[in-house]
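Peer 1: The structure follows.
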Amino acid sequence: MSRGIRLMLAAAFAVLASLAHAQDYPTRTITLVVPYPPGGGVDAMARVVAERLSAALGQQVVVDNRGGGGGLIGTRAVVKAAPDGYTLLLGHTGTISINPSLYANAGYDPRKDFSAIGLIASMPVVLIAHPSFPARSIADFIALARKEPGKHNVGTSAVGTGGYMSAELFKAVAGLDVAIIPYKGTAPVMNDLLGGHVPVAFGVIPPALGNIQAGKLRAIAVASPVRTALLPDTPTFAESGLPGFEAVLHYGLLAPAGTPKAIVEKLNAELRKLAANEEVKKRIHAEGGDVLTSSPDEYATDIDQEETKWSALIRRLNLKVE
């Protein structure tokens, strides 16, 4: 038997083994890692996915919050996990497309260290204020910050998240002297915002929506191309005088690199079914997002495009973190 035939047979057996493995998969609990504390947008999205995948796959999908290091700790843990489909990552723009360029030693390459499974949702960043904050619009905020340079603090979630990068972008575009105060997660930002300890913050809608509707917080502007249905009276940054200012986070499911293709495709198929479910659409919409679907290759392309966009901003603003 020639070497070429042996290689072809070996490849065929590998494909068959992968298919057989996927047919059996899963046979035990799956861990879905969220690299942030409970209470934020990533965590909210993970809860929806875990619940639905548990029902679809017949095995429990457990959300594991591994916060710390601006999302690096939990993300690195997934990179090092066995590529068998039993450890997954709820990825989003911050961890996958921002951190690798922002941190000098992030410890992973988003293009090489993950098997992209599929996109789940998108969610815009919003500028939120405590009711006592005098600025009612972006123009008001810019005028106030320029009148009182160095006086105002802007809260965000951890360094490297979409909220943090939005604050840095806003500070640079508007030419403001304000201090950005990064917290370990979204929940503590909201707590300090509600308590008036920080007057204004960049974050996603879910953790703030109830308090905005109750009048305990106020949305100033949303960083999406068009207004969001959840906050129909809140203008976009473009409408507020900053054309082109956009920060929309993408959420997706990832596995360690080398995860069998058949498992990736099986999970992708379940994600597509999940996204087509009307109840899921309503839940994601209620969490401030819009459903997105993709093939594994399309998600990999999205990661590449988003990383290229945010890394260019990081270089331009010289935001490297050691």
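The values are calculated or read from the model by the stated rules, or taken from the named source; none is laboratory data. Predicted, not measured: the structure shown is a model, and the values here were computed from it. Cβ atoms come from the backbone with ideal geometry, glycine included; neighbour counts cover every protein chain shown. Each accessible area value is taken on the protein alone, full model and side chains, heavy atoms only, with ligands, DNA and RNA left out. Shrake-Rupley method; radii C 1.70, N 1.55, O 1.52, S 1.80 Å.
Peer 1: Tell me, what is the 1.4 Å probe accessible area of HIS250, in Å² to the nearest 10?
Peer 2: Here the accessible area works out near 40 Å².
Peer 1: Right, something else. Return one whole number: the accessible area per residue of the chain in Å², for a 1.4 Å probe.
Peer 2: 43
Peer 1: What is the gain in length, in nm to one decimal, between LYS80 and SER295 on full extension, counting 0.36 nm per residue of separation less the C-alpha to C-alpha distance?
Peer 2: Full extension from LYS80 to SER295 adds 75.0 nm.
Peer 1: Report the gain in length on full extension from GLN23 to GLU148: 0.36 nm times residue separation, minus Cα-Cα distance, nm rounded to one decimal.
Peer 2: Here the answer is 38.7 nm.
Peer 1: Span-like helices, the chain: DSSP H, alpha-carbon axial extent 27 Å or more, mean Kyte-Doolittle -1.0 or greater, which ones?
Peer 2: For the chain, where a helix must reach 27 Å along its axis and average at least -1.0, the hits are 3-24.
Peer 1: With N denoting the number of residues in the stretch 186-322, provide Rg(C-alpha) divided by 2.2 N^0.38 Å, to two decimal places.
Peer 2: Working it through for the stretch 186-322, the quotient is 1.25.
Peer 1: In bins 10 Å wide, starting from 0, what share of all Cα pairs of the stretch 263-322 does each bin hold, as a percent?
Peer 2: Taking all Cα pairs of the stretch 263-322, the binned fractions are 19, 31, 30, 18, 2 percent.
Peer 1: In the chain, what is the volume of the convex hull around the alpha carbon atoms, normalised per residue and reported in Å³?
Peer 2: Per-residue hull volume (Cα only) is 132 Å³.
Peer 1: Hey, another quick one. How big is the C-alpha Rg of the stretch 112-195 next to the rule-of-thumb value 2.2 N^0.38 Å, as a ratio?
Peer 2: Taking the Cα Rg and dividing by 2.2 N^0.38 Å, one obtains 1.27.
Peer 1: Then there is this: Between SER166, SER132, SER157, which gets the highest mean-square fluctuation from a Gaussian network model of the chain, Cα cutoff 10 Å?
Peer 2: Maximum fluctuation in the GNM of the chain, among the listed residues, is at SER132.
Peer 1: Quantify, in whole percent, the carbon and sulfur part of the accessible surface of the chain (1.4 Å probe; protein heavy atoms only).
Peer 2: So the carbon and sulfur contribution to the accessible surface is 53 percent.
Peer 1: Another question, then. Treat each spin label as a single point 7 Å out from the Cα along the C-beta direction, and report the GLN59 to ALA269 distance in nm.
Peer 2: 1.6
Peer 1: Let me ask something else. What is the distance, in nm, between label points placed 7 Å from the Cα along the Cα-to-Cβ direction at ILE73 and at ALA172?
Peer 2: 2.8
Peer 1: Still on this structure: Got the relative contact order for the chain handy, in percent, Cα pairs under 8 Å and 6 or more residues apart?
Peer 2: Once normalised by length, the contact order is 27 percent.
Peer 1: Which cross-chain or sequence-distant (5 or more) residues have an amide H under 5 Å from the amide H of ALA219, H modelled 1.01 Å from N in plane?
Peer 2: ALA129
Peer 1: Where does the stretch 39-198 land on Rg(C-alpha)/(2.2 N^0.38 Å)?
Peer 2: 1.19
Peer 1: Taking springs between alpha-carbon atoms closer than 10 angstrom, which of ALA229, ALA238, ALA257 fluctuates most in the Gaussian network model of the chain?
Peer 2: Looking only at ALA229, ALA238, ALA257, the biggest GNM fluctuation is shown by ALA229.
Peer 1: Given a Förster radius of 41 Å and the C-beta distance between ARG136 and SER311 as r, what FRET efficiency does 1/(1 + (r/R0)^6) yield to the nearest 0.05?
Peer 2: 0.75
Peer 1: Rounded to the nearest 0.05, what FRET efficiency do GLU51 and ILE181 have when you use their Cβ-Cβ distance and R0 = 30 Å?
Peer 2: Here the calculated transfer efficiency is 0.35.
Peer 1: Would you pull out the residues with amide H under 5 Å of ARG66's amide H, same chain only if 5 or more places away, H placed 1.01 Å from N?
Peer 2: VAL34, TYR36
Peer 1: Report the dimensions of the stretch 220-285 along its three principal axes from the alpha-carbon atoms, largest first, rounded to Å.
Peer 2: Ordered largest first, the stretch 220-285 gives principal extents of 48, 28, 13 Å.
Peer 1: Given springs between every Cα pair under 10 Å in a Gaussian network model of the chain, which of LEU176, LEU249, LEU102 has the largest fluctuation?
Peer 2: Top of the fluctuation ranking is LEU176.
Peer 1: Can you tell me what percent of all Cα-Cα pairs in the stretch 54-106 are more than 18 Å apart?
Peer 2: 38
Peer 1: Also, quick follow-up: Based on DSSP, what percent of beta bridges with both residues in the chain are antiparallel, to the nearest 5?
Peer 2: Just about 60 percent of them are antiparallel.
Peer 1: If you don't mind, another one. Evaluate the Debye formula for the stretch 141-189 with equal point scatterers sitting on the alpha carbons, no solvent, and hand back log10 of I(q)/I(0) at q = 0.13, 0.17, 0.22, 0.23 Å⁻¹, in q order, two decimals.
Peer 2: For the stretch 141-189, the Cα-only Debye profile gives -0.28, -0.47, -0.73, -0.78.
Peer 1: Run the reach check for LYS281 against lysines, Cα to Cα strictly under 26 Å, same-chain hits fewer than 8 apart removed. What comes back?
Peer 2: LYS266, LYS273
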